[in-house]
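Please read the structure below before turning to the comments.
The values are calculated or read from the model by the stated rules, or taken from the named source; none is laboratory data. From a predicted model like this one, the values you see are computed outputs, not experimental measurements. Note that each Cβ is placed from the backbone with ideal geometry, even for glycine, and that neighbours are counted across all protein chains shown. Keep in mind that these areas ignore ligands, DNA and RNA; they rest on the heavy atoms of the full protein, side chains included. Shrake-Rupley method; radii C 1.70, N 1.55, O 1.52, S 1.80 Å.
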Amino acid sequence: MLSSTRLSHSIHSLRSLSTLQLVYSEHGDPSKVIRPSTVSLPSSVPCGQVRVSWLAAPINPADINQIQGVYPVKPPLPAVGGNEGVGRIEEVGSDVSSFKKGDLVIPARSGLGTWRKMGDHSVDHVWPIDNRFSIEAGATLQVNPSTAYRMLKDFEDLKEGDTVIQNGANSGVGRSVMQICKIRGLKCVSVVRSRDTGMDELREELSELGSTTVVTEEEMASKMRGKVKARLALNCVGGRSSLFLAGAVAKRGTMVTYGGMSKQPLSIPTAAFIFNDISLRGFWMSRWYDEGNTQERTVMYRDLADWFASGRMKTPPFEKIPMDDATAALEKAQTKFDKKMLFV
Amino acid sequence: MQRRAIKYSKFGDPRQVAELVTETISAELEPNEALVRWLASPINPLDINKLQGAYAFKPPLPAIGGSEAVGRVIGSSVTKLSPGDKVVIFTVNSSCWTDLSVIQGATLMINPTTAWIMMRMGGMEKGDWLIQNSANSGVGRAVIEIAREKGYHTINIVRDRPQIRELKNELIRMGGDIVWTEEEVRTEGKNFKGRPKLALNGVGGKSCLQISSLLSRGGMLVTYGGMSKKAHEISTSSLVFNGITAVGVANALWMANHEEETKIMLSEIQEFYVRGALHSPPMEEHPLENYKKAIENSMDGKHAKQIFIIDDEKSSKI
């Protein structure tokens, strides 16, 4: 009797609500260990939960590292891939009043698993965002623009006209940084790797986004030495690049590290520490979310909603890929870096 | 008045540009000046760099060498200094390799003050651990002794050498809890249970990477020198995931900004010395005439610290 009830229940669910998700059961090469899996959701949403239809989710470097097992946060396996994304509430549990059908949400924390078409999530695991956000801006709100926003706010009391310098400026965070600098009236020196073709176009593009100066790593090491005195430096490269970045920090300024693309440790000259008295700090967006900061988070998303809605901030170029093409997308995400992959 | 002084009139190899001269100076004092007969003055690494022209502060030339000394006041227009007072000086612009000099009233000591200032950083409390490289240097030894007074545990990193056993024993006798060679950090470091809150770096390069990677979450790396002449390496994950902060310290700058604390520091350090809790590092003594040999010894990396005994007053060493 009991078993037949269960059986009929699951048949009912399968028929009505089976949904696709991208799952990994072991750590390894993402294009090999990620596989599509069809799961069923109960016919009605459990108490304390909301049913989210995920509209878009990017493939970030952190997602790749997490699947490879080299990221400090490791969700229990098997796990659904993806930490960032935007979804719409389809239905809410009977006791849920904080959300309603049609609300846009993003994950409250990393590790939710956003590479899925639909999922039931505890109300604490999703965070409401302004319905003015476009799908693209919402899907990539939580990491890049938020990282840029916090780094420009939490370390130095920057005033209009102050200078910020950043390396890896062509990255997602880098592009957000220069746009927010422009909005806040900050000067932004953007350091990029030099390239054989398209350098002029890149300079022009980054200047248009808000960089006051765009320089190559080589120029930083030669003609720009001693020219920049920045209150704040943002480093996502490390190695030799960080050496010249640290040398461009003004007395008592701060250098914040949020990534290490070169895979080399930071390199800091003695003079920067001893004569210029600079401080080095680190920033990790996930930890900031884990620490709570709910009020600050609401203010931040409101500011970003205003800036995206008014067109003062723009999303980076995406390549949109349906979730059924997961393998190809994951391969591309690890080999092509000019465009972010976005599952839709 | 006549004085002897080791002077240089151009930057270059200290073994070549330094020379001993005899010259006449006025004994008349401006307000807030004192005339001091110097008793002893060491050769610090920064003195060598100053003569090479490789130091951030370049004195106007010709200049007298030296930056730290102990002396006896023989004339004073400074209210807090009277003839007969014993004084110590450390500033990057002081000139001490001479027997007579007019100074402004300042009283500092480079090694113990650097050690003291660094140990008040990083939120250290009694029972906490710190790690340091260059543990056998003047600052390193001062760190060990002051840490013992303050109840901090120390992990001390030294370079491997033929008499490593003797050195380890000596640093442990002074109050060090653990002494490791750089190789031993690699094998022992990760498994060691006492994660330090504070890492003190006078070396740079990979050694900086090594000690900063062992910090506890939210720990602090303080850099006071770069003996290896290599940039200071710090891993991305220490900063991003482990949340460490890295800062530098220059004691002259710090003291200028912390007047009250400086007074407390200096009286504490004096008290440590008088009580015998703090010792000067081993030194080789030279008269001023021997300056060529002393400078050479200080540069070959095989000798203890070199110190000029300028006026042997018998009671002059502190």
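A few notes on this one:
- Taking the listed residues B:239, B:221, the one that is of a type outside the set (Gly, Ala, Ser), buried (at least 17 other Cβ atoms within 10 Å of the Cβ), within 13 Å of chain A (Cβ to nearest Cβ) and touching a Cys at 6+ places or on another chain (Cβ under 9 Å) is B:221, with no other qualifying.
- Residue match in region A:182-190 (condition: without any contact (Cβ under 8 Å) to a residue 40 or more places away in the chain, over 18 Å from residue A:248 (Cβ atoms) and not hydroxyl-bearing (Ser, Thr, Tyr)): yes
- Hits in region B:262-301 (condition: of a type in the set (Gly, Ala, Ser) and farther than 20 Å from residue B:135 by Cβ): B:267, B:276, B:294
- When residues of region B:242-277 are limited to those that are farther than 17 Å from residue A:242 by Cα and among the small types (Gly, Ala, Ser), the one farthest from the other protein chains (Cβ to nearest Cβ): B:276
- The criterion of being more than 18 Å from residue B:204 (Cβ to Cβ), crowded, with 16+ Cβ neighbours inside 10 Å and not assigned by TED's automatic domain parsing to the domain that holds residue B:218 does not hold for residue B:146.
- Among residues of region A:70-83 that are touching a residue at least 24 places away in the same chain (Cβ under 8 Å) and within 14 Å of chain B (Cβ to nearest Cβ), those with a Cβ under 7 angstrom from a residue that is open to solvent by less than 70 Å² (accessible area, probe 1.4 Å) and in a loop (DSSP other than H, G, I, E, B), sequence gap 6+ or separate chain, pair up as A:73/A:110; A:73/A:111.
- Options B:265, B:255, B:227, B:283; residue that is within 21 Å of the chain's Cα centre (by Cα) and within 30 Å of residue A:235 (Cβ to Cβ): B:227
- Close pairs (6 angstrom Cβ cut-off, 6 or more residues apart or separate chains): hydroxyl-bearing (Ser, Thr, Tyr) in region B:206-229, assigned to a helix (DSSP H, G or I) anywhere: B:212/B:238; B:213/B:238; B:223/A:273; B:224/B:114; B:228/B:205
- Residues in region B:204-216 that are part of a loop (DSSP other than H, G, I, E, B) and more than 10 Å from chain A (Cβ to nearest Cβ) were compared, and the one that is farthest from residue B:134 (Cα to Cα) is B:216.
- Pairs are defined by a Cβ separation below 8 Å, a sequence spacing of at least 6 or placement on different chains, a first member in region A:23-40 that is over 15 Å from residue A:71 (Cβ atoms) and in the same structural domain as residue A:323 (by TED's automatic domain parsing), and a second member that is part of a helix (DSSP H, G or I) and of a type in the set (Asp, Glu); the pairs so defined are A:31/A:331; A:36/A:324.
- Residues satisfying the stated conditions in region B:159-170, i.e. farther than 17 Å from residue B:148 by Cβ, without any contact (Cβ under 8 Å) to a residue 24 or more places away in the chain and open to solvent by less than 60 Å² (accessible area, probe 1.4 Å): B:164
- Enumerated helices (runs of 4 or more DSSP H) restricted to region A:260-340, each holding at least 1 residues that are touching an Asp or Glu at 6+ places or on another chain (Cβ under 6 Å): A:294-309
- Applying the criterion of being in a helix (DSSP H, G or I) and surrounded by 23 or more Cβ atoms within 10 Å (Cβ to Cβ) to the residues of region A:216-245, the residue that is nearest to the other protein chains (Cβ to nearest Cβ) is A:242.
- Pairs linking a residue in region B:81-96 that is over 23 Å from residue B:60 (Cα atoms) to a residue that is modelled with pLDDT under 65 and outside any loop (DSSP other than H, G, I, E, B), with Cβ atoms under 9 Å and 6 or more positions apart or on different chains, are B:87/B:103.
- In region B:171-196, the residues that are open to solvent by less than 60 Å² (accessible area, probe 1.4 Å) and not hydrophobic (A, V, I, L, M, F, W, C): B:175, B:176, B:181, B:182, B:184, B:189, B:194, B:196
- Of the numbered criteria (1) closer than 17 Å to residue A:164 by Cα; (2) touching a strand residue (DSSP E or B) at 6+ places or on another chain (Cβ under 6 Å); (3) within 12 Å of another protein chain (Cβ to nearest Cβ), the one residue A:272 fails is (2).
- Of the residues making up region B:172-203, those that are of a type in the set (Val, Ile, Thr), in contact with a strand residue (DSSP E or B) (Cβ under 7 Å, 6 or more places away or on another chain) and assigned to a helix (DSSP H, G or I) are B:172, B:185.
- Qualifying position, being under 30 Å from residue A:19 (Cα atoms) and away from chain B (no Cβ under 14 Å), among A:305, A:309, A:326: A:326
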